[in-house]
1. Just one of the numbered conditions (1) assigned to a helix (DSSP H, G or I); (2) over 12 Å from the mean Cα position of the chain (by Cα) is not true of Arg54; which one?
2. From Leu1, Leu99, Leu87, which residue is open to solvent by 30 Å² or more (accessible area, probe 1.4 Å) and modelled with pLDDT of 95 or more?
3. Quickly run through segment 44-66 and pick out the residues that are among the hydrophobic types (A, V, I, L, M, F, W, C), over 13 Å from Tyr13 (Cβ atoms) and touching a Lys or Arg at 6+ places or on another chain (Cβ under 9 Å).
4. Of everything in segment 10-30, what is free of Cβ contacts under 8 Å to residues at least 60 places away in the same chain, surrounded by fewer than 18 Cβ atoms within 10 Å (Cβ to Cβ) and either out of contact with any helix residue (DSSP H, G or I) (no Cβ under 9 Å at 6 or more places or on another chain) or not in a loop (DSSP other than H, G, I, E, B) (or both)? Give them in sequence order.
5. Among Arg115, Arg7, which is within 14 Å of the chain's Cα centre (by Cα), surrounded by 14 or more Cβ atoms within 10 Å (Cβ to Cβ) and at pLDDT below 90?
6. Please find, among Arg33, Arg7, the residue that is touching a residue at least 60 places away in the same chain (Cβ under 8 Å) and not aromatic (Phe, Trp, Tyr).
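The values are calculated or read from the model by the stated rules, or taken from the named source; none is laboratory data. Just so we're clear, the structure is a prediction, and the values are computed from it rather than from any experiment. Methodologically, a virtual Cβ is constructed for each residue, glycine included, from the backbone with ideal geometry; neighbour enumeration extends over all protein chains shown. For the accessible areas, the whole protein counts, side chains as well, though only heavy atoms, and no ligand, DNA or RNA atoms are used. Shrake-Rupley method; radii C 1.70, N 1.55, O 1.52, S 1.80 Å.
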Amino acid sequence: LRSSIGRSYYAAYLEARVFCERYLGLVRSSSSREHQLVATCLLTFDPSVADTLRFLRRDRNTADYDIDVSDHTVRLTSNRARRSAELVIAALDAHVERLGRERQTDESSPKSQERAEHRAMIRAISHYAGWPGSLPDARS
């Protein structure tokens with residue numbers, strides 16, 4: 001379950017990074033600060049999404065590095081992380097619609113493949129952990 005927290009974070013983070021690149025002008029950095037840059041970029045556009053992403057990152061770091069966290073807490077955090085990742089992705093999708101920008105529809109493009117992989121990652125986490133109600137297979 002600890003790894004599911006990280007997978008949830010990365011699904012949301014990668015979606016947020018792509019959003020920031022496409023719509024907010026983020027220029028990717030090869031530094032380790034890129035995670036912070038994405039959250040800061042989102043902060044100017046949607047503070048709620050930025051905060052959720054920051055909380056997800058904190059939970060991922062705790063799950064990865066703090067072995068003293070109880071199994072019960074890990075299970076609760078895993079459930080919360082999955083829900084939070086879904087909320088971030090849904091909020092970003094809604095922003096794309098509001099911005100009136102057309103998304104790439106070519107399923108063979110690398111970005112579309114990445115998005116499909118992120119959604120598949122959350123579905124797999126949900127299945128593995130026995131969670132009901134994951135992201136739908138197809139998005140409009």
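1. Unmet for Arg54, out of (1) assigned to a helix (DSSP H, G or I); (2) over 12 Å from the mean Cα position of the chain (by Cα): (2).
2. That would be Leu87, the only listed residue that is open to solvent by 30 Å² or more (accessible area, probe 1.4 Å) and modelled with pLDDT of 95 or more.
3. Result: Ala63, single match.
4. Once the filter is applied, which keeps residues that are free of Cβ contacts under 8 Å to residues at least 60 places away in the same chain, surrounded by fewer than 18 Cβ atoms within 10 Å (Cβ to Cβ) and either out of contact with any helix residue (DSSP H, G or I) (no Cβ under 9 Å at 6 or more places or on another chain) or not in a loop (DSSP other than H, G, I, E, B) (or both), segment 10-30 yields Glu21, Ser30.
5. Within the list Arg115, Arg7, the selection yields Arg115.
6. Arg7
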